[in-house]
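Heads up: the structure comes next, in structure tokens.
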Amino acid sequence: MKNLEKVISEIEAELEEKDQVREVALKSSRAIVRLSGTILRGLHNGQKGTAELAELKDELSRLSSLLKNNPDIAFTGYVETAFQEYSEVGIVLSILERDDVPSPEDLDVSSTGYLLGLGDSVGELRRFCLDELKAGKTERANHFLERMEDIFVALIRFDLPDAIVPIRRKQDVARSLLEKTRGDVAVATSARNLQDRLEEVLRKS
């Protein structure tokens, strides 16, 4: 069987190349997840993370280039996780800077990765809301609460099996976070209104 060696050698070379690409994609995906977490943590401390954001975009570009010639890798769990984390960063930054969200095309990510990142953004917005409540800024806290509500309403439009997009758990978590945040904002707003009334009474006395 003269042809067997040739066929096997070609397959071996093809799979070895794919394995190398997989290793690069895995490394890039891990870097995206790490950088995304660093940027989000920094935002709550008032840091813009400009250098990290530039590095993050470079990593995403590198990963996207790999996927163009190896589309099957796009459906691996680690790539979807990278898209999800990157989407969360892009969505949160856009809400903070423009009070709007980008599209999956704007971020160059998959629709499923974007949708899961959108779900995760609810938790980050809750953190910003609580930060504003601690600072006594109830109006700003209400702003973040409204954005959480907008995103939740968008998320519950999807009633699809997990095989298409595992969105149900994100919906449940978003619902729980929204209910908790509504309560936090309501209590803080009531306390603020009571304090304002007391101060008004004291000024008049």
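The values are calculated or read from the model by the stated rules, or taken from the named source; none is laboratory data. Everything numeric in this text was worked out from a predicted model, so none of it was measured. Quick reminder, even Gly has a Cβ in these numbers, built from the backbone with ideal geometry, and neighbours come from all protein chains shown.
Tell me yes or no: at least one residue of the range 94-106 is within 28 Å of Ile73 (Cα to Cα), buried (at least 20 other Cβ atoms within 10 Å of the Cβ) and within 15 Å of the chain's Cα centre (by Cα). Yes, some residue in the range 94-106 is within 28 Å of Ile73 (Cα to Cα), buried (at least 20 other Cβ atoms within 10 Å of the Cβ) and within 15 Å of the chain's Cα centre (by Cα).
Pairing residues of the range 39-65 that are at pLDDT below 90 with residues that are not in a helix (DSSP H, G or I), at Cβ distances under 7 Å and at least 6 apart in sequence or on separate chains, gives Ser64/Asp108.
What's the number of the condition Asp99 fails, among (1) outside the structural domain of Glu17 (by TED's automatic domain parsing); (2) in contact with a His (Cβ under 9 Å, 6 or more places away or on another chain)? With respect to (1) outside the structural domain of Glu17 (by TED's automatic domain parsing); (2) in contact with a His (Cβ under 9 Å, 6 or more places away or on another chain), Asp99 is out only on (1).
Identification of helices (runs of 4 or more DSSP H) wholly contained in the range 82-183 with 2 or more residues that are touching a Gly at 6+ places or on another chain (Cβ under 9 Å) and either over 30 Å from Ser65 (Cβ atoms) or hydrophobic (A, V, I, L, M, F, W, C) (or both) yields 138-155.
Here Phe128 meets the list (1) touching a helix residue (DSSP H, G or I) at 6+ places or on another chain (Cβ under 8 Å); (2) assigned by TED's automatic domain parsing to the domain that holds Ala188; (3) farther than 15 Å from Leu43 by Cβ almost entirely, failing just condition (3).
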